[in-house]
Amino acid sequence: MLVRPLTNNSREILKNRTHVLIGISPFNSYFSEARLRELAAWGRRNFTAMHLFIPDVPTTYTLLALGYPPKEASGKAKRQVRYVINKTKRALEAVGIAEVQAKEIILTWEKLATNARYQTLLERVATIYEQDAEFRKDCQDAAWWVLEKRVGDPTARSTVDLDLAAKYLLSEMPLFVDTPGILERESSLFAYHQCPQLLERLYRNHYRFRVADNQGFVLVTCPEDIEVEQGMFI
């Protein structure tokens, strides 16, 4: 896999290879079962420990923002997430991780909902979203960056409830900021195949809250997925 640390601090954290949190997005065709196997194998091979994050409950916000009625949005999200979780379990099994361990590795809302550090950070992020116009706009821009692919019409931004859509990103923000504190790890890297401008600014401490010193971010892609091959293969 081609790995590109987002910041110098991320590069230093990568050297330790203590823990990686791999983000998996429901409703994203990029995460085929074959790709999930590649990511699981990469995480297991290169890090002491790993988790795979599937934002199950927050996925509903995306559908609500697109105009789905609440009941339909909830049902559609649950079906899709169940499908993704089953694919992820099979991918983990394929790389030698037993079902009992897979349940521990897959991180969902159910586990985060009772995590005190996560909830504290979530409340803080929500407050900053309400008070900081620049942060709010960047969150909404990132939400539209995700939704535009589904809407298929670059002029339709005004028809989407971006406050609702941004809640998906806000629910992930604590993990971008302090996964080590949430999961009680020495250090951690959030791994994903794309990086919106919101995260570029976050990891360069552009906003009112700082990323933990032991938290980093890496872009992880297969070489054939990218046009510019800059980074390290691990």
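The values are calculated or read from the model by the stated rules, or taken from the named source; none is laboratory data. Remember, predicted model here, so these are calculated numbers, not experimental data. Note that each Cβ is placed from the backbone with ideal geometry, even for glycine, and that neighbours are counted across all protein chains shown. Ligands, DNA and RNA are stripped out before the accessible areas are found, and what is left, the full protein with its side chains, is counted by its heavy atoms. Shrake-Rupley method; radii C 1.70, N 1.55, O 1.52, S 1.80 Å.
Matching the structure-derived Rg and Dmax of the Cα atoms in Å against the labelled list (1) 17.1, 47; (2) 16.8, 53; (3) 20.9, 69 gives the label (1). Can you check what the net charge comes to around R117, using other residues whose Cβ is under 14 Å from the Cβ of R117 (Lys, Arg +1; Asp, Glu -1)? Residues near R117 contribute 0 overall. Pairs of Cα atoms nearer than 8 Å and 6+ residues apart set the relative contact order; for the chain it is 34 percent. Cross-link pairs exceeding 21 Å in C-alpha to C-alpha distance, out of K111/K149; K87/K111; K89/K111; K76/K167, comprise K111/K149. For the range 108-201, the ratio of Cα radius of gyration to the globular rule of thumb 2.2 N^0.38 Å stands at 1.16. Label zone of C222 (point 7 Å out along Cα→Cβ, amide N under 20 Å): in the range 26-47 this covers 26-46. Comparing Cα centroids, the range 40-62 and the range 72-105 end up 10 angstrom apart. With a cut-off of 11 Å between beta carbons, the residues surrounding Q101 carry a summed charge of 0, where Lys and Arg count +1 and Asp and Glu -1. Mean-square fluctuations from a GNM of the chain, with a 10 angstrom spring cutoff on Cα atoms, peak among P70, P174, P55 at P70. Candidates V220, C195, I106 compared by Cα position along the dipole of the chain: farthest toward the positive end lies I106, with charges placed on Cβ. Residue separation of N8 and R150 scaled by 0.36 nm, minus their Cα-Cα distance, works out to 47.7 nm of gained length.
Secondary structure note: in the chain, about 30% of the DSSP beta bridges are antiparallel. Around G43, what is the net charge, scoring Lys/Arg as +1 and Asp/Glu as -1 over all other residues with Cβ under 14 Å from its Cβ? The answer is +4. You can think of it this way: the chain between R124 and R90 has 8.6 nm of extra reach, that is 0.36 nm per residue less the Cα-Cα gap. Annotation: per residue accessible area for the chain equals 48 Å², rounded to a whole number [probe 1.4 Å, protein chains only].
Taking H19, H193, H206 as the candidate residues, the one with maximal mean-square fluctuation in a Gaussian network model of the chain, Cα springs under 10 Å, is H206. Per-residue ellipticity at 222 nm, computed for the chain from helices alone with -39500 (n - 2.57) per DSSP H run of at least four residues, works out to -17500 deg cm²/dmol. Across S171, S187, S32, mean-square fluctuation computed from a Gaussian network of the chain (C-alpha pairs under 10 Å connected) peaks at S32. Taking only protein heavy atoms and a 1.4 Å probe, the accessible area of the chain is 47% carbon and sulfur.
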